[in-house]
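The values are calculated or read from the model by the stated rules, or taken from the named source; none is laboratory data. Keep in mind it's a predicted model, so treat the numbers as computed, not measured. Virtual Cβ from ideal backbone geometry, glycine too; neighbours counted across all protein chains shown.
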Amino acid sequence: MKFSVPTNPCPCGYFNDPSGKCTCTPQKIHNYLNKISGPLLDRFDIHIEVSAVKFDELRDKEQTEPSAEIKKRVDKARKIQSERYKGTSTSCNANINAEQFEK
């Protein structure tokens with residue numbers, strides 16, 4: 001599976017923006033896409049259109065979990081895995097073999 005790089009299909013950058021700010025003509029958009037499509041876009045199987053995110057939404061003041069709390073959970077999980085695989089050459093779930101997986 002291949003993923004497309006984010007691009008805006010018009011020179012002004014407002015194509016399909018809900019604000020209606022795009023002033024590009026269909027011909028301008030066509031010409032702009034042709035500059036990229038040959039060497040780049042034709043090599044991607046999936047193209048996803050994503051609307052712009054408003055600046056205020058990016059600066060959301062919602063409190064997130066501090067890194068120190070996340071680290072505590074990660075450390076706890078690593079300790080559990082360390083106990084689980086004690087006496088084996090496996091250090092974490094990502095490295096288990098088929099026999100350990102079945103068990």
ask   = Has the stretch 44-57 got any residue that is aromatic (F, W, Y), in contact (Cβ under 8 Å) with a residue 24 or more places away in the chain and in a loop (DSSP other than H, G, I, E, B)?
value = yes
Scanning the stretch 1-43 for residues that are assigned to a helix (DSSP H, G or I), modelled with pLDDT of 75 or more and among the hydrophobic types (A, V, I, L, M, F, W, C) gives I29, L33
Scanning the stretch 66-100 for residues that are assigned to a loop (DSSP other than H, G, I, E, B) and either surrounded by 10 or more Cβ atoms within 10 Å (Cβ to Cβ) or within 20 Å of the chain's Cα centre (by Cα) (or both) gives Y85, T88, T90, S91, C92, I96, N97
In the stretch 49-65, anything of a type in the set (K, R) and surrounded by 10 or more Cβ atoms within 10 Å (Cβ to Cβ) is listed as K54
Listed by first then second residue, the pairs whose first member lies in the stretch 61-72 and is of a type in the set (F, W, Y), whose partner is surrounded by 10 or more Cβ atoms within 10 Å (Cβ to Cβ) and at pLDDT below 85, with beta carbons under 7 Å and at least 6 positions apart or on separate chains, are none
